[in-house]
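In what follows, a structure is listed as structure tokens, so that the remarks can point back to it.
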Amino acid sequence: MVTALACCAITRDLRGELIVTGSETRHGRGIHVCNDPLLSGINSNLWFPLNPTESWFSGIERVLMMNGVAENVVRIDSLRDCAAYHDWKVVYNRKVTH
């Protein structure tokens, strides 16, 4: 574990960034992770449903943690906000494995 953290510190790979789109439709509330080989889906149209009672921040963090991508989310910065969807830049701490 210490070695993995040291490698991350040297290469500055401990933090990651993703672009995430969120939308509320008649089918429910969900997020899509853009341009990620794991989380975007095979045809780049994979959506993760969110609980309508959780915040966007909590929902994004839960999806990233459940999929082994993040230890936690540091912040989400709004890139675009309109009636149909929201785009955010998500900054997170990478999951470090040993």
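Please treat every number below as a calculation from the coordinates, not as lab data. It should be emphasised that the depicted structure is a prediction, and the values quoted were computed from it without experimental measurement. Neighbour counts are summed over all protein chains in view; Cβ atoms, including those assigned to glycine, are modelled from backbone coordinates with ideal geometry.
A simple count of charges around Ile19, restricted to other residues whose Cβ falls under 12 Å of its Cβ and scoring Lys, Arg +1 and Asp, Glu -1, yields -2.
With loop defined by DSSP as not H, G, I, E or B, and exposure as at most 10 other Cβ atoms within 10 Å, which is the longest segment of the chain clear of exposed trypsin sites (Lys or Arg not before Pro)? Don't skip to the end; give the middle numbers.
Details: sites that count: Arg12, Arg26.
Here the longest segment lacking exposed loop sites spans 27-98.
Largest GNM mean-square fluctuation among Ile42, Ile31, Ile19, using the chain with Cα springs under 10 Å: Ile42.
Scaling against 2.2 N^0.38 Å puts the C-alpha radius of gyration of the chain at 1.14.
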